[in-house]
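Visitor: Below is one structure. I have some questions about it.
The values are calculated or read from the model by the stated rules, or taken from the named source; none is laboratory data. As the structure is a prediction and not an experimental result, all values here were calculated from the model. Virtual Cβ from ideal backbone geometry, glycine too; neighbours counted across all protein chains shown. Note: accessible area is taken over every heavy atom of the protein model, side chains too, but ligands, DNA and RNA are not part of it. Shrake-Rupley method; radii C 1.70, N 1.55, O 1.52, S 1.80 Å.
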Amino acid sequence: MSNLVMDKLNKCLNQVREKTAFKPLVAIVLGSGLGDYANNIKVEAIVDYHDIDGFPVSTVPGHAGQFIFGYVYDVPVVCMKGRVHYYEGYDISDVVLPVRLMGLMGAKILFLTNASGGINTGFGAGDFMMIKDHISCFVPNPLIGPNVDELGTRFPDMSHVYDEDLQDIIRQTASDNNIKLQEGIYAQLTGPSFESPAEIRMLKTLGADAVGMSTVVEAIAANHMGLKICAISCVCNLAAGISPTPLTHDEVQAAANEAAPKFKELVTKSVIKMGKAYGNN
Ligand code: HPA
């Protein structure tokens with residue numbers, strides 16, 4: 001049966017393939033303020049989102065729109081410089097289209113990054129939190145609608161979305177390089193408003209350590225298609241009601257920019273180890 005989601009994905013894939021045949025091992029999604037990670041890549045090809053008909057293009061300042069194909073040392077990667085968010089008004093299936101597309105390009109590993117607000121009072125602004133699990137029930141599930149059988153099963157298991165072996169690699173990399181790494185549960189809300197203090201208290205009661213406006217729906221779609229997933233959040237501010245000051249996007253970006261050098265080191269060194277562990281083809 002023809003499926004609209006799959007038809008759109010195939011059209012996007014064909015357009016990318018007209019520009020490059022590059023096959024990545026690791027797909028990296030860069031969050032707020034972390035976009036210049038792409039400078040660490042030996043670039044083989046760049047495809048502007050604008051040049052892919054039907055591809056969702058971000059409207060948020062700080063989220064450029066390009067796929068960067070190339071090598072982190074010798075590991076083939078595709079890096080999304082800029083992602084789209086549900087709050088921009090896209091259909092949830094479009095929000096996860098880029099991640100699905102990178103899976104169809106051949107990526108076996110999805111490395112998600114984002115900026116978040118810290119709920120766990122043991123966290124400080126600028127900390128990194130490796131995501132061990134998530135709370136997704138405040139955003140629509142991206143698998144709603146006819147199942148895309150070509151990608152995965154109707155009722156995917158969610159017991160181990162964030163791959164234990166990839167977590168070990170990130171943990172070990174952080175420890176070897178003296179990078180402080182927190183671990184915890186990430187909750188995605190829709191945004192675009194930041195949460196109220198009462199919402200943050202609710203999320204804390206539910207067991208969330210950090211909150212943001214992305215990542216979980218991408219992880220659900222990638223898990224559906226069988227990718228190995230890992231995710232690191234840059235805790236850019238203390239969440240509403242914990243922070244003594246009102247939250248602003250500028251504050252989030254400034255904290256992300258400050259954390260960027262250590263973040264890049266953690267991502268790069270982890271990706272190199274992932275390349276060694278999972279090989280190229
Ligand atoms: N809430 C939601 N998303 C965020 C935050 C926050 O406090 N900080 C950065 N992204």
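Visitor: Where only protein heavy atoms count, and the probe is 1.4 Å, what is the accessible area per residue for segment 143-219 in Å²?
Guide: Solvent-accessible surface per residue comes out at 49 Å².
Visitor: Compute the FRET efficiency between LEU13 and MET202 as 1/(1 + (r/R0)^6), taking r as their Cβ-Cβ distance and R0 = 30 Å, and round to the nearest 0.05.
Guide: Values: r = 40 Å, r/R0 = 1.34.
Given R0 = 30 Å and the Cβ-Cβ separation, E is 0.15.
Visitor: Calculate, in nm to one decimal, what PHE138 and ALA277 gain on full extension: separation in residues at 0.36 nm each, minus their alpha carbon distance.
Guide: Length gained, PHE138 through ALA277: 46.5 nm.
Visitor: Leaving ligands, DNA and RNA out of it, report the carbon-plus-sulfur percent of the accessible area of segment 2-278 at a 1.4 Å probe. List each step's numbers first, then the result.
Guide: Numbers: 5750 of 11170 Å².
Its accessible area is 51 percent carbon and sulfur atoms.
Visitor: On to the next question. Normalised by the residues of the chain, what does the relative contact order come to in percent, with Cα pairs under 8 Å and at least six apart?
Guide: Answer for the chain is 25 percent.
Visitor: Whole Å is fine, so just give me how far the alpha carbon centre of segment 75-98 lies from that of segment 141-192.
Guide: 15
Visitor: Counting DSSP beta bridges in the chain, what percent are antiparallel, to the nearest 5?
Guide: 40
Visitor: ASP176 to TYR73: FRET efficiency via 1/(1 + (r/R0)^6), r the Cβ-Cβ distance, R0 22 Å, to the nearest 0.05?
Guide: 0.85
Visitor: Please find, in a Gaussian network model of the chain (springs between Cα atoms separated by less than 10 Å), the residue of ALA231, ALA45, ALA27 whose mean-square fluctuation is greatest.
Guide: Top of the fluctuation ranking is ALA45.
Visitor: Still on this structure, I have one more. Within the set LYS204/LYS262; LYS228/LYS273; LYS23/LYS269, which residue pairs have Cα atoms separated by over 25 Å? List each step's numbers first, then the result.
Guide: Working: LYS204/LYS262 27 Å; LYS228/LYS273 14 Å; LYS23/LYS269 20 Å.
Listed pairs above 25 Å: LYS204/LYS262.
Visitor: How big is the charge dipole of the chain about its Cα centre, in debye rounded to the nearest 20, if each Lys and Arg gets +1 on its Cβ and each Asp and Glu gets -1 on its Cβ?
Guide: With Lys and Arg at +1 and Asp and Glu at -1, about 460 debye.
Visitor: Treating the beta-carbon of each Lys and Arg as +1 and of each Asp and Glu as -1, no other charges, what is the dipole magnitude of segment 1-145 about its Cα centre, to the nearest 20 debye?
Guide: With Lys and Arg at +1 and Asp and Glu at -1, about 300 debye.
Visitor: While we're here: Apply the Karplus parameterisation 6.51 cos²θ - 1.76 cosθ + 1.60, with θ equal to phi minus 60°, to every residue of segment 14-29 and state each ³J(HN,Hα) to the nearest whole Hz, in sequence, with x for glycine and proline.
Guide: Working through the residues one at a time gives 4, 5, 5, 5, 5, 9, 7, 9, 4, 10, x, 8, 10, 9, 10, 10 Hz.
Visitor: On to the next question. Show me, for segment 44-57, the HN-Hα J-couplings you get by feeding each phi into the Karplus relation (A = 6.51, B = -1.76, C = 1.60, θ = phi - 60°), rounded to Hz, glycine and proline as x.
Guide: Per-residue couplings from phi come out as 9, 7, 10, 10, 6, 4, 4, 8, 10, 4, x, 7, x, 10 Hz.
Visitor: Rounded, prolate or oblate: which fits segment 191-271 when a ≥ b ≥ c are the square roots of the eigenvalues of the alpha-carbon gyration tensor, with rounded for a/c under 1.5 and prolate only if a/b beats b/c? Each step should come with its number before you reach the end.
Guide: Details: a/c = 2.31, a/b = 1.26, b/c = 1.83.
In terms of gyration-tensor shape, oblate.
Visitor: Quick one: 3J(HN,Hα) in Hz for segment 112-119, Karplus 6.51/-1.76/1.60 with θ = phi - 60°, rounded, Gly and Pro as x.
Guide: Along segment 112-119, the couplings run 9, 10, 7, 9, 9, x, x, 9 Hz.
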